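Let me begin by presenting the structure, written as structure tokens, before commenting on it.
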């Protein structure tokens, strides 16, 4: 019984530390996703690797008209809730193509870190952010 309590305490401390170190805790205050999204996804990606403030996190990612829905995989989702970041709150800090595919570095409004996404998901996110930026400039 005590061994299980020690493991539970370790994973709780690790999960809370990950939430704090990546800045997810700060993002959740502003961008926590609603319980249910009534929209059609324009791209669904599971086991997507993201680097948030230099820390690698495996996430599930959905692209909606409202924004980018992102949730860490189990067990981190216990301590780190799903986020829905509106496209107008995202900016592209850097984008590069390599043999490994597309890499996009994102800046989020009111967040001091950067989020790096790779692969097909990065291409789709880049196009959504560019579209939102053009729309913002036109208005």
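The values are calculated or read from the model by the stated rules, or taken from the named source; none is laboratory data. A quick note: this is a predicted structure, and the numbers were derived from the prediction, not measured. With ideal geometry, Cβ positions are generated from the backbone for all residues, glycine too; neighbour counts draw on all protein chains shown.
One residue stands out in segment 56-74 among those that are loosely packed, with under 13 Cβ neighbours inside 10 Å and in a loop (DSSP other than H, G, I, E, B): the one that is modelled with the lowest pLDDT, namely 74. Taking into account only those residues within segment 14-55 that are within 19 Å of residue 66 (Cβ to Cβ), modelled with pLDDT under 85 and touching a strand residue (DSSP E or B) at 6+ places or on another chain (Cβ under 7 Å), which is surrounded by the most Cβ atoms within 10 Å (Cβ to Cβ)? The extreme case among them is 45. Evaluate segment 82-99: report whether one residue or more is under 13 Å from the mean Cα position of the chain (by Cα), over 15 Å from residue 130 (Cα atoms) and not in a strand (DSSP E or B). Taking every residue of segment 82-99 in turn, at least one turns out to be under 13 Å from the mean Cα position of the chain (by Cα), over 15 Å from residue 130 (Cα atoms) and not in a strand (DSSP E or B).
Among the residues in segment 119-138, are any free of Cβ contacts under 8 Å to residues at least 40 places away in the same chain and either closer than 30 Å to residue 10 by Cβ or touching a helix residue (DSSP H, G or I) at 6+ places or on another chain (Cβ under 7 Å) (or both)? No, segment 119-138 has no match at all.
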